[in-house]
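One structure is given here, and the rest of the page talks about it.
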Amino acid sequence: MADFTEIRKWYELRGCNYYTEFEKKKIVYTRLSNINTFALSNNQEFCLDSAGIIITKDDKYYCAILNSKIIHFYFKLVCVVWGKDGMKWFGNSFDSLPIIKIDQNSKSEKLIRDEIVRLVDQISFEKANDFYANVSILEGKIDLLAYQLYGLTPDEIEVVEGKK
């Protein structure tokens, strides 16, 4: 006969050793999508297995880079396709995304990172005041900074943006 004496929280189907991670500031994202869906969360949301979380001290920078056109372009090349045009934002190809870690000794990298974070703050402010705010110009500025950080040439940028 099964032993049902183990006490679980109402939302548990099985035990979890990392509940406290959900209580931290984090990046949340949809694991099946045809676009980058990374968002900052300062709340204590939990998510189902169709979403993922990333815990990092530099969450604004990483969230911006993960949402950039360059990461979307790269990921489309290496990901597992789901359905017609969906992508599986998990697994080996996701775990090996080439995210540039800022060299704290590089003044130029730190300046780019700081400008990206400033733009993320501006986007957050715009969205907090108007959910339907058009922030595409700010997102475009982040993409330009990401291209600079990754050292892309004008021709490579055109490829990433689908112009070539």
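Of all the numbered requirements in (1) on the phi > 0 side of the Ramachandran plot; (2) in contact with a Gly (Cβ under 8 Å, 6 or more places away or on another chain), G91 misses one, and that requirement is (2). Of all residues in the stretch 104-143 being acidic (D, E) and either out of contact with any Asp or Glu (no Cβ under 7 Å at 6 or more places or on another chain) or at pLDDT below 95 (or both), which is farthest from Y61 (Cα to Cα)? Per the stated criteria, the residue is D130.
Residues are listed down the side, and each one gets a yes or a no for (1) charged (D, E, K, R); (2) surrounded by 12 or more Cβ atoms within 10 Å (Cβ to Cβ):
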residue	(1), (2)
I102	no, yes
L119	no, yes
F131	no, no
N134	no, no
I137	no, no
D143	yes, yes
A146	no, yes
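Could you check how many residues of the stretch 98-116 are part of a loop (DSSP other than H, G, I, E, B), farther than 14 Å from L66 by Cβ and in contact (Cβ under 8 Å) with a residue 12 or more places away in the chain?
First, the residues of the stretch 98-116 that are part of a loop (DSSP other than H, G, I, E, B): 98-106.
From the residues that got through so far, the ones that are farther than 14 Å from L66 by Cβ too are 102-106.
Now narrow it down to the ones that are in contact (Cβ under 8 Å) with a residue 12 or more places away in the chain: 102.
Summing the residues that are part of a loop (DSSP other than H, G, I, E, B), farther than 14 Å from L66 by Cβ and in contact (Cβ under 8 Å) with a residue 12 or more places away in the chain in the stretch 98-116 gives 1.
Apart from one condition, L119 fits all of (1) in contact (Cβ under 8 Å) with a residue 24 or more places away in the chain; (2) in contact with a strand residue (DSSP E or B) (Cβ under 6 Å, 6 or more places away or on another chain); the exception is (2).
For the stretch 47-70, filtered to residues that are among the aliphatic types (A, V, I, L, M) and in contact (Cβ under 8 Å) with a residue 60 or more places away in the chain, the residue that is surrounded by the fewest Cβ atoms within 10 Å (Cβ to Cβ) is I70.
Quick test for you: out of K57, K84, K127, pick the one residue that is under 26 Å from V160 (Cα atoms) and out of contact with any Phe, Trp or Tyr (no Cβ under 8 Å at 6 or more places or on another chain).
K84
The set of residues in the stretch 28-46 that are of a type in the set (D, E, K, R) and crowded, with 16+ Cβ neighbours inside 10 Å contains only R31.
Condition first: part of a loop (DSSP other than H, G, I, E, B) and exposed (fewer than 11 other Cβ atoms within 10 Å of the Cβ). Now tell me which residues in the stretch 71-97 satisfy that.
G83, K84, D85, S96
Looking at I65, I70, just one residue is within 15 Å of K101 (Cβ to Cβ), β-branched (V, I, T) and in contact with a helix residue (DSSP H, G or I) (Cβ under 9 Å, 6 or more places away or on another chain), and that residue is I65.
The values are calculated or read from the model by the stated rules, or taken from the named source; none is laboratory data. Worth saying up front: this structure is predicted, and the values here are computed from it rather than measured. Here Cβ is always computed from backbone atoms with ideal geometry, including for glycine, and neighbour counts include all displayed protein chains.
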